[in-house]
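The structure under discussion appears below in the form of structure tokens.
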Amino acid sequence: MLINEMYKSKVFKETFKKVFEKDANGDLKYGFNSEITVHISKELKISGCIGPCTSLKKAGPQIAEVEIGQSGTTSWYIGGLDRNLTLTFYLDVPVPLPGKENVLLAKMAHLQFATQYKHPSGQLRLRVTTVIRRFAEPVSTLDLIQGFDQEATCILVSRLGILKAETEEPTEVLRWLDKMLIRLISRFADFKKDALQSFNMPKEFALYPQFIYHLRRGNFIQTVACSPDESAYYRAAICRENVTNSLVMIQPALLMYTFEDLQPQPVMLDIENMRNNVILLQDTFFHVVIW
């Protein structure tokens, strides 16, 4: 999907040519007519997938009752694959029966992703990726903190919010994001009531609130400053790109160049950094702005 004001510009043409770059063997860097199947341990359930894919409706005992995105299946169809395409799979961990908690903790969760696609050379290829994770004790805050990936979580939540925004008012989705953040902070942060200086978040969570802050301000949930086609484009982009690119969309990277330092310094998105003796470069993924 492309969006641009002027399709005759040199920048657009040079960028568009990269779509057709080839590898060392002279083949395009894509896969076509793809299908991905997820195999999981019997303790887990699959709620669904968000990304540029379609449910193949292959039902089974491991389909969760809660449906998210393209759901009701263990296999999905993907028209085309490239090296940045990222799908988000949502899993459900059923609450163990009384007396069975320790049995679950002693086990490891297995996930296997089998991706079949047609290579530009005509070959049919299969890539299998296996992941193993141990179950954490739900009441053990330390276990959950050590296993928390704040960057990946931000993308998981943002894609879920975008899905909700397709059928709900933006204000409702923003309230939902706020409630999610409040619940997270109230469980994992240390603070004393009415003492602002006492607030402290574990380093594994430190950046998460600011990610959500920028997500609330952006064009992905809110549509006030965007035309319908722009909203569709932005949402499609963040629902297919990898974590690094998606985070740049949510919280643009700002680099400061000075004559005193040869290396650029990353700085916060703050008006105080707009000084007379510096050059700023902002990367929003969609645009690069130089000040």
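The values are calculated or read from the model by the stated rules, or taken from the named source; none is laboratory data. Treat the numbers as computed from the prediction; the structure is a model and nothing was measured. As a convention, Cβ positions derive from the backbone with ideal geometry for all residues, glycine included, and neighbour counts pool all protein chains shown.
Side notes on the structure shown:
- Between A236, A165, the distinction of being within 22 Å of C53 (Cβ to Cβ), surrounded by 17 or more Cβ atoms within 10 Å (Cβ to Cβ) and among the small types (G, A, S) belongs to A165 only.
- Residues that are in contact (Cβ under 8 Å) with a residue 40 or more places away in the chain and surrounded by fewer than 15 Cβ atoms within 10 Å (Cβ to Cβ) within the range 120-141 comprise S121, R125, T141, listed in sequence order.
- In the range 185-217, of all residues being of a type in the set (F, W, Y) and over 25 Å from V243 (Cα atoms), the one that is nearest to the chain's Cα centre (by Cα) corresponds to F199.
- Matching residues, the range 220-269, being assigned to a helix (DSSP H, G or I), within 20 Å of T153 (Cβ to Cβ) and of a type in the set (S, T, N, Q): T244, N245, S246
- Neighbours by Cβ (under 7 Å, 6+ apart or cross-chain): first from the range 246-272, not assigned by TED's automatic domain parsing to the domain that holds I290; second loosely packed, with under 12 Cβ neighbours inside 10 Å and among the small types (G, A, S): none
- So L255, is it under 26 Å from T167 (Cα atoms), surrounded by 13 or more Cβ atoms within 10 Å (Cβ to Cβ) and not aromatic (F, W, Y): no
- Of all residues in the range 142-186, those satisfying the criterion of being of a type in the set (S, T, N, Q) and without any contact (Cβ under 8 Å) to a residue 60 or more places away in the chain are Q146, T153, T167, T171, S186.
- Residue in the range 36-53 that is part of a loop (DSSP other than H, G, I, E, B), within 18 Å of N242 (Cβ to Cβ) and out of contact with any Lys or Arg (no Cβ under 9 Å at 6 or more places or on another chain) present: yes
- Among the residues of the range 2-39, those that are free of Cβ contacts under 8 Å to residues at least 12 places away in the same chain and among the polar types (S, T, N, Q) comprise N4, S9, T15.
- Qualifying residue in the range 198-206 (condition: in a strand (DSSP E or B), free of Cβ contacts under 8 Å to residues at least 40 places away in the same chain and not small (G, A, S)): yes
- Subset of the range 56-78 [assigned to a strand (DSSP E or B) and closer than 12 Å to I36 by Cβ]: Q70, S75, W76, Y77, I78
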